[in-house]
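Contents: one structure, followed by commentary.
The values are calculated or read from the model by the stated rules, or taken from the named source; none is laboratory data. Quick caveat: nothing in here was measured; it's all calculated off a predicted structure. Every residue, glycine as well, gets a Cβ built from its backbone with ideal geometry; the counts of neighbours run over all protein chains shown.
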Amino acid sequence: MSYKHYYVGDSVLSTGDYEVHTGDCVELARVESKTYLGYYDNCQDAIRKASDIYPNVSGCKYCSPGCHRR
């Protein structure tokens, strides 16, 4: 298992989703405001946590492709 730090961007995307990233994702550097979700071994747990904060959540297609919805 590979645990990673996960974050959710605080701005809604044009798709209507809030995007979840790992702490080492290159796309995370472009996110101006983010909320730390925790240290997980999979994106599904991070998505569940982010869903407690925002209604529509998707994983980043680069760092969390298994949780990317579009």
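What the table below lists for this structure:
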item	result
Output for the range 24-51, where each listed residue is within 15 Å of CYS67 (Cβ to Cβ), in a loop (DSSP other than H, G, I, E, B) and not polar (S, T, N, Q)	CYS25, ASP41
Sole exception among (1) modelled with pLDDT under 95; (2) under 10 Å from the mean Cα position of the chain (by Cα) for TYR6, by number	(1)
Criterion (touching a strand residue (DSSP E or B) at 6+ places or on another chain (Cβ under 7 Å) and surrounded by 15 or more Cβ atoms within 10 Å (Cβ to Cβ)) met by exactly one of TYR36, TYR40	TYR40
Selection count, the range 34-55, where residues are over 16 Å from HIS5 (Cα atoms) and modelled with pLDDT of 95 or more	4
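Per-residue answers, yes or no, for (1) under 15 Å from SER14 (Cα atoms); (2) in contact (Cβ under 8 Å) with a residue 40 or more places away in the chain:
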| site | (1), (2) |
| --- | --- |
| ALA29 | no, no |
| LYS34 | no, no |
| ASP41 | no, yes |
| GLN44 | no, no |
| ARG48 | no, no |
| CYS60 | yes, yes |
| PRO65 | no, no |
| HIS68 | yes, no |
